[in-house]
Amino acid sequence: MMSEVFLILTLCARPSAAADRTAGPNGVGITEKLGSRVPLDLELFDEDGKKVALRRMVDRPTVLALVYYRCAGICTPLLVSLTKTLNELPLEPGKDFNVVTVSFNPLDTPQLAQNKRLNFLRQLQRPFPPSAWRFLTGPPSSTRALADSVGFGFVKKGEDYIHPAALMILAKDGKLTRYLYGTTFLPADMELALAEASSGTIRPTVIKFLRFCYTYDPESRRQVFRLNRVFGALTLAAAAIFLTALLWTKKNPT
């Protein structure tokens with residue numbers, strides 16, 4: 001009985017044929033690469049314009065944010081939400097975790113990265129060593145290689161970029177252990193993700209509701225709620241409940 005119910009729920013609730021691939025036809029989106037490693041030998045530029053190897057930043061569990069500093073869309077809400085989450089996180093920055101923000105726009109300068117860094121460090125309401133949150137830039141060859149290594153797909157459109165909203169969690173050896181989707185993050189989720197990265201545990205992404213229900217609208221530069229997708233998910237859930245009840249009735253006739 002339980003196996004039949006599990007099979008029905010699996011078939012009804014399965015969102016798509018490629019559950020771990022959300023990149024669209026133009027390559028925008030996330031293609032999960034859990035267990036893969038980012039190229040730690042990549043050279044980027046720090047806030048002073050000096051070359052720095054990525055491995056110097058990823059020497060402990062690390063939150064990786066791929067954005068661009070001139071973004072007028074979802075990048076700022078993502079970083080603002082990350083800041084709020086860091087304020088409530090019970091872990092010690094610089095000891096238990098680091099944060100690395102990398103711009104994939106080659107026009108973003110180290111000076112702009114420095115300004116962004118100062119702005120967000122000022123919003124932190126707890127002791128937070130500046131070395132624990134870095135804002136980096138780099139040539140397209142390096143930033144694209146980093147994005148590709150974590151399955152982060154983006155394309156240029158005019159002066160802007162179309163890109164997904166997500167954070168990637170890395171272990172200290174650069175192994176990708178978790179994705180956190182959307183532009184809002186719960187401190188408990190972040191704490192768990194960093195604890196998993198500390199032990200090198202890879203956690204499959206179970207909750208992908210935000211990426212399933214929202215898509216980026218490049219015209220309005222905001223996340224658009226796709227109501228039809230929600231109705232589709234609710235319909236599948238209702239079908240699963242109905243079939244489960246039907247099987248239960250057959251197995252337990254009155």
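The values are calculated or read from the model by the stated rules, or taken from the named source; none is laboratory data. Remember, predicted model here, so these are calculated numbers, not experimental data. A quick note on method: Cβ atoms are made from the backbone with ideal geometry, for glycine too, and the neighbour counts reach across all protein chains shown. Note: areas computed on protein heavy atoms with side chains; ligands, DNA, RNA excluded. Shrake-Rupley method; radii C 1.70, N 1.55, O 1.52, S 1.80 Å.
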>> I want to confirm something. Restricting to segment 145-157 and keeping residues that are in a helix (DSSP H, G or I) and open to solvent by less than 40 Å² (accessible area, probe 1.4 Å), which single residue is farthest from Glu196 (Cα to Cα)?
In response: Ala145
> Out of the residues in segment 19-46 that are surrounded by 19 or more Cβ atoms within 10 Å (Cβ to Cβ) and farther than 15 Å from Val58 by Cα, which is modelled with the lowest pLDDT?
Replying inline: Thr22
>> Can you name every one of the strands (runs of 3 or more DSSP E) wholly within segment 31-78 that holds 2 or more residues which are touching a Gly at 6+ places or on another chain (Cβ under 8 Å)?
In response: 43-45
> If you go through segment 47-69, how many residues are within 24 Å of Gly151 (Cβ to Cβ) and either of a type in the set (Ser, Thr, Tyr) or touching a strand residue (DSSP E or B) at 6+ places or on another chain (Cβ under 8 Å) (or both)?
Replying inline: 16
> Applying the selection to segment 99-113, what residues are part of a helix (DSSP H, G or I) and open to solvent by 40 Å² or more (accessible area, probe 1.4 Å)?
Replying inline: Gln111, Leu112
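Per-residue answers, yes or no, for (1) over 18 Å from Leu54 (Cβ atoms); (2) more than 19 Å from the chain's Cα centre (by Cα); (3) surrounded by fewer than 21 Cβ atoms within 10 Å (Cβ to Cβ):
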position	(1), (2), (3)
Pro77	yes, no, yes
Glu159	yes, yes, yes
Pro164	yes, no, no
Asp173	no, no, yes
Leu176	no, no, no
>> Every residue in segment 116-143 that is in contact (Cβ under 8 Å) with a residue 40 or more places away in the chain, under 12 Å from Leu79 (Cα atoms) and assigned to a helix (DSSP H, G or I), please.
In response: Lys116, Arg117, Phe120, Gln123
> Condition test on Ala240, is it part of a helix (DSSP H, G or I), open to solvent by less than 90 Å² (accessible area, probe 1.4 Å) and at pLDDT below 95?
Replying inline: yes
